[in-house]
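The values are calculated or read from the model by the stated rules, or taken from the named source; none is laboratory data. Bear in mind that the values here come from a model prediction, so they are computed numbers and not experimental data. All Cβ positions, glycine included, derive from the backbone under ideal geometry; neighbour counts span all protein chains shown. To get the accessible areas, we keep the full protein, side chains included, count just its heavy atoms, and leave off ligands, DNA and RNA. Shrake-Rupley method; radii C 1.70, N 1.55, O 1.52, S 1.80 Å.
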Amino acid sequence: MHSRPISLLTTARLFLLFTTYFGLAAPSAKDEKRRSSGYPVRRDEENPLKIAIIGAGAGGSSAAFFLGMAKDRFGHHINIDLFERNSYIGGRSTAVHPYGDPSLPPQELGASIFIDANKNLIRAASEFGLSLISPSQRGFNVWNGTQFVISINGAPTDTNLAAKYGQSSLGTVADEVRDFVSQVNRLYTPSLFSWKTIQSLSKSLKFTSSVSQTAAQFFDGLGVNTLYTREFIDSVTRVNYGQNVDKIHALAAEVSVAPGRARAYSVAGGNGQIFQQFANRSSATVRLDTPITSLTKYELGNDTKWLVAGNSKELQQDVQFGLYDYVILAAPNGLSGINFINSTAEFPDVPYVRLSVTLVSTTSPFPQRSFFEPGGSSTIGLNSIMTTTPVTDFNSIDQWATITRNGQTEYIYKTFTLEPKSDEWLQKLFGQGTIGWTYRYDWDAYPYMTPRDSFPPIKPDDKLFYVNSFEPLISTMETEILSARNVVDLLLKEEFDRGLCFGDDIPEWASQDTKSKIYGWDCS
């Protein structure tokens, strides 16, 4: 698949590329020292390892960061080019200012929060001097199309849920979520720092059962109250992944439930700053507004090179960016539009949920009661509304912030729907004449996380790695960073016989208390 005869370059241009690529230079004193110590060196300053990373979201920017860390740590000679089709770094983590006014606090369009268990994000914010804030406490209200089946003033707790659903069901789900978090914590330690397939990782983490069943099947099998699954759990899978419990796999449901039992954070000024810092500190050459259109594989004796070609909006033309030793694809392949030429790479079809996000600034502190109760007057007094099956009109309506503009308080609401909503719909929700600013954006937000026993390859072809292979298992900012770290670790071992910290040997700190240590960031 994805192949056709090579016709992109003339013989003369190929010759120029190859001779430029294979230029030779005398080894540096640092290289000689490393050779004498027995550490393998295969590059020098005049012939560095060239790596192209496609996509500068959470996965691509962190892949560049970890490669830069390896350069500093071991003296590797690596040149990194980071390509991004958008005009910004951060991918699905980006924020906008209400009314386009930079004096007003930015509001997240995509990934909004993370939790204590997301150790890379917490560590990065700390290392980069970014301030963390906790979202204001909102209510927890679930609408089923005819009535509110859950209505809680504040965060849901065992106490206020147990009366309806039973303490046993809450305890069973809580135990499953604790086990899930405990298993994921292994990914930060030398006990499970690297994996070659998502299937093997899922098995090692004991996720095989939960990822091969729908959430409804899985929790029904555990004897969980069916209403708890189809009201409470369904509401959080819809707001997190836009999918119902009878469709989404149980592991994704556990991911969705986990933030409810943890403290949530976001970065003041926007979560995308973490990924901007990853790129800034990586020493990568960043090429924004540069969609990659083709990857051509060349077999040169026993070696493989990749020709990266795309469109440069800066130059207003198609560009061949040169030959690379490795390519890291850090964007969903099915959405990338990349043509693979002379490649055996095969990617299973992984469709993504098309999600419509609408931000509004309104003078109404709450939605209108008449939106939910025809003929109702005044507002409904709820600032956070989620939904459960069979509601299809919207997934969630949440008040995220308040702003002061022209001396008046306005309320920033975010709505998640599966299709764009009209001004008339918004006016019906918040009241005629109350909305001052509206911002709409459609995302390919996350995969349809249906039950599965197979996953995309981490290494689809020689010297080609795929960060987003992780997403059908778990799709979060944090797991994209973990996947990127794994890809970089595998690449470094292949090229230098040593990963981010070590080869196949387990370091001393593996047997010690590692709560404060994170593999990749820490090696001793």
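Pick out, from Y519, I51, N383, the residue whose Cα sits farthest towards the positive end of the charge dipole of the chain, with +1 on the Cβ of Lys and Arg and -1 on the Cβ of Asp and Glu.
Y519
Could you rank V239, V286, V353 by how accessible they are, 1.4 Å probe, largest area first? Walk me through the intermediate numbers first.
Details: V239 30, V286 60, V353 0 Å².
Largest accessible area first, the list is V286, V239, V353.
Taking only Cα atoms, what is the 0 to 90° angle, nearest 10, from helix 11-21's long axis to the longest principal axis of the chain?
Between the helix axis and the principal axis of the chain, the angle is about 90 degrees.
Please find the FRET efficiency linking D158 to V96, where r is the Cβ-Cβ separation and R0 is fixed at 35 Å, and quote it to the nearest 0.05.
Numbers: r = 37 Å, r/R0 = 1.06.
E(calc), rounded to 0.05, equals 0.40.
Can you give the helix-only mean residue ellipticity at 222 nm for the chain, where every DSSP H stretch with n ≥ 4 adds -39500 (n - 2.57) and the sum goes over all residues, rounded to the nearest 500 deg cm²/dmol? Write out the running numbers ahead of the final one.
Values: 16 runs with 151 residues, N = 524.
That calculation yields -8500 deg cm²/dmol at 222 nm.
Just want to confirm a number: the relative contact order over the chain, from Cα pairs under 8 angstrom separated by 6+ residues, in percent. Before the final figure, lay out the partial values.
Values: 1036 pairs, mean separation 113.7, N = 524.
Relative contact order comes out at 22 percent.
Among (1) 24.7, 84; (2) 23.6, 75; (3) 25.3, 92, which one is Rg and Dmax of the Cα atoms in Å computed from these coordinates?
Computed from the coordinates, Rg and Dmax of the Cα atoms in Å corresponds to (1).
Within the set of other residues whose C-beta is less than 13 Å from the C-beta of P447, count the net charge using Lys and Arg as +1 and Asp and Glu as -1. Before the final figure, lay out each step's value.
Numbers: positive: R92, K247, R354, R452; negative: D349, D444, E471, E480.
Computed value for this residue: 0.
What does a probe at L222 reach in the range 241-275, counting residues whose amide N is under 12 Å from the point 7 Å along Cα→Cβ?
What the label zone holds, given the 12 Å backbone N cut-off, is 250-258.
Taking GluC sites (Glu not before Pro) that fall in a DSSP loop and have at most 15 other Cβ atoms within 10 Å as cut points, what is the longest piece of the chain between them? List each step's numbers first, then the result.
Working: sites that count: E45, E46, E314, E346.
The longest uninterrupted stretch comes out as 47-313.
Note down the nm distance, to one decimal, between modelled labels 7 Å out along Cα→Cβ at E373 and at T450.
About 4.0 nm separates the two model spin labels.
Between S422 and K313, take the C-beta separation as r, use R0 = 45 Å, and let me know the FRET efficiency to the nearest 0.05.
Values: r = 32 Å, r/R0 = 0.71.
So, using R0 = 45 Å, E works out to roughly 0.90.
Let me have the relative contact order for the range 279-417, percent, based on Cα pairs under 8 Å that are six or more residues apart.
On the way: 212 pairs, mean separation 23.5, N = 139.
This gives 17 percent for the range 279-417.
Report, in degrees rounded to the nearest 10, the 0 to 90 angle that the Cα long axis of helix 167-185 makes with the longest principal axis of the chain.
20 degrees
Let me check I've understood the local charge: for F218, count other residues with C-beta under 10 angstrom from its C-beta, Lys and Arg +1, Asp and Glu -1. What total comes out?
Working: positive: none; negative: E176, D220, E254.
Around F218, the charge tally is -3.
Under 26 Å Cα to Cα from K164, which lysines show up? Leave out anything in the same chain fewer than 8 places away.
Output for K164: K247.
Just to be sure I understand: of the beta bridges DSSP finds with both ends in the chain, what percent are antiparallel, rounded to 5?
In the chain, approximately 70 percent of DSSP beta bridges are antiparallel ones.
If a/c stays under 1.5 just call it rounded; otherwise compare a/b with b/c (prolate if a/b is bigger, oblate if not). Do that for the range 82-226, with a ≥ b ≥ c from the square roots of the Cα gyration tensor eigenvalues. Write down the numbers at each step before the final one.
Working: a/c = 2.01, a/b = 1.16, b/c = 1.73.
The shape class here is oblate.
Magnitude of the Cβ-charge dipole of the chain, K/R +1 and D/E -1, about the Cα centre, nearest 20 debye?
Numbers: 47 positive and 53 negative charges, 73 e Å.
With Lys and Arg at +1 and Asp and Glu at -1, about 340 debye.
Express in whole angstrom the spacing between the alpha-carbon centres of the range 115-146 and the range 461-497.
25 Å
Please work out the Cα center distance from the range 303-361 to the range 249-281, rounded to the nearest Å.
The range 303-361 and the range 249-281 have Cα centres separated by 24 Å.
Compute the helix-to-body angle for 477-496: its Cα long axis versus the longest principal axis of the chain, expressed 0 to 90° and rounded to tens.
So the helix axis and the longest Cα principal axis differ by about 10 degrees.
Can you check what the net charge comes to around G90, using other residues whose Cβ is under 12 Å from the Cβ of G90 (Lys, Arg +1; Asp, Glu -1)? Working shown, then result.
Details: positive: R92; negative: E84, E108, E480.
Its environment carries a net charge of -2.
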